[in-house]
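I have placed the structure first, in the form of structure tokens, so that the comments after it can refer back to it.
The values are calculated or read from the model by the stated rules, or taken from the named source; none is laboratory data. A quick note: this is a predicted structure, and the numbers were derived from the prediction, not measured. All Cβ positions, glycine included, derive from the backbone under ideal geometry; neighbour counts span all protein chains shown. These area figures cover heavy atoms from the full protein model, side chains too; ligands, DNA and RNA do not enter into them. Shrake-Rupley method; radii C 1.70, N 1.55, O 1.52, S 1.80 Å.
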Amino acid sequence: MIIANWKMNGTSENVRTWIEQVSNNIDFKPEKVCVFCPPACYLEFARDLIRNHKSQIKLGSQIINSSHDRALTGGLSAAMLRDIDTDFVLIGHSEQRSHLREDSRAITSKITSAIEENLRVVFCIGEDSDVKKKNETQKFLSEQLEVLKNISLESIVIAYEPIWAIGSGQVATREYIEEIHKFVKNHCQKFHYSEDDISVVYGGSVKLENCEEIISSNFVDGLLIGGASLDPGIFSSIYNLS
Ligand code: PEP
């Protein structure tokens, strides 16, 4: 799975160009799902373009709110995302955790709401540089993974995104990625799933120059790409090389 996370970037014209170019330039493989997560205001527009191009790009939302929060000004529910045919939703991204003070309870509620509406969840986890320096990454990630303990992992893709690597240009080494992805897959077996049922994608400063090495690492099932996904040419090349 190769996921483009545009964050708070782009215009409707950029969305149009991106979908046109990516649909034409990538060599779609059913086992390598391509997910586009534009800002929420462009979701429906993107959905229409994807349909018009008969493209196999899947639509993902960067945000969702718990279905329990009905009286939430500015909220976006799972039912609304389903209504406009969204396929995926990112939950637990470090930027949402820190900017919106999203805790495990809120994340669990969002995941449950998404699954109830048959959305597939990209559940993001990752440690900051302090945790890494203290050698406490695995303990930290175990705590983040606890929210999955009563959830069916069939609808979940885990995105391991070390915070120190996001947007920093400082990509994790192959050895580190393999160690952590292996740990995540093993840990999730506690929730009664086999290693093969658990997809773990990597995110954090993925670029054209490093994508081949990362994707060829053991235990890596795909990529979550921020900055480098904005350019449709670069994103298409990363998809084709991965
Ligand atoms: C992200 O925000 O999910 C991300 C991985 O960003 P970048 O690729 O820019 O590090």
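Across segment 212-227, rounded Karplus estimates of 3J(HN,Hα) from the backbone phi angles (6.51 cos²θ - 1.76 cosθ + 1.60, θ = phi - 60°) give 5, 5, 5, 5, 7, 6, 5, 6, 9, 9, x, 9, 10, 10, x, x Hz, Gly and Pro being marked x.
Probe of 1.4 angstrom, ligands and nucleic acids ignored: what's the accessible area per residue over the chain, in square angstrom?
Heavy-atom accessible area per residue stands at 48 Å².
Averaged over residues, the count of other Cβ atoms within 10 Å places the peptides 33-46, 75-88 in the sequence 33-46, 75-88, highest first.
Counting only protein chain heavy atoms and rolling a 1.4 Å probe, the accessible areas of His187, His192 rank, largest first, as His192, His187.
Say the cut-off is 29 Å between C-alpha atoms; which of Lys29/Lys139; Lys110/Lys132; Lys29/Lys190 go over it?
Long pairs (Cα-Cα over 29 Å): Lys29/Lys139; Lys29/Lys190.
Specify whether the C-alpha gyration tensor of segment 139-242 places it in the rounded, prolate or oblate class, a ≥ b ≥ c being the square roots of the eigenvalues: rounded for a/c under 1.5, otherwise prolate if a/b is larger than b/c and oblate if not. It is prolate, given that a/c is not under 1.5 and a/b is the larger ratio. One decimal place: the segment Gln56-Lys139 gains 26.1 nm when fully extended, by the rule 0.36 nm per residue minus the C-alpha distance. For Ala159, the residues whose modelled amide H falls within less than 5 Å of its own, excluding neighbours fewer than 5 places apart on the same chain, are Phe123, Cys124, Ile125, Val201. Split the accessible area of segment 34-149 by element, probe 1.4 Å, and carbon with sulfur accounts for 46%. Remark: segment 2-241 carries a charge dipole of roughly 280 debye about the Cα centre, counting +1 on each Lys and Arg Cβ and -1 on each Asp and Glu Cβ. Restricting attention to segment 1-62, which trypsin sites (Lys or Arg not before Pro) occupy a DSSP loop and are surrounded by at most 15 other Cβ atoms within 10 Å? Within segment 1-62, the qualifying trypsin sites (Lys or Arg not before Pro) (loop, at most 15 other Cβ atoms within 10 Å) are Lys54. Could you give the dipole magnitude of segment 16-114 about its Cα centre, charging the beta-carbon of Lys and Arg +1 and that of Asp and Glu -1, in debye to the nearest 20? With Lys and Arg at +1 and Asp and Glu at -1, about 100 debye.
Determine the percent antiparallel among the DSSP beta bridges restricted to the chain, to the nearest 5. Looking only at bridges with both residues in the chain, the antiparallel portion is about 5 percent.
Fully extending the segment from Ile151 to Ala71, taken as 0.36 nm per residue of separation minus the present Cα-Cα distance, adds 26.2 nm. Take the alpha carbon gyration tensor of the chain, find the square roots of its eigenvalues, order them as a ≥ b ≥ c, and report rounded if a/c is under 1.5; if not, report prolate when a/b exceeds b/c, else oblate. Judged from the Cα gyration tensor, the chain comes out oblate (a/c at least 1.5, b/c at or above a/b). Per-residue 3J(HN,Hα) values for segment 172-188, derived from phi via the Karplus relation 6.51 cos²θ - 1.76 cosθ + 1.60 with θ = phi - 60°, read 5, 6, 4, 4, 5, 4, 5, 4, 6, 5, 5, 4, 4, 5, 4, 4, 5 Hz in sequence order (x marks Gly and Pro). Phi angles of segment 80-90 translate, via the Karplus equation with coefficients 6.51, -1.76, 1.60 and θ = phi - 60°, into HN-Hα couplings of 5, 5, 5, 4, 9, 6, 7, 9, 10, 9, 7 Hz per residue; Gly and Pro are given as x. Reducing segment 126-165 and segment 3-67 to their Cα centroids gives an inter-centroid distance of 26 Å.
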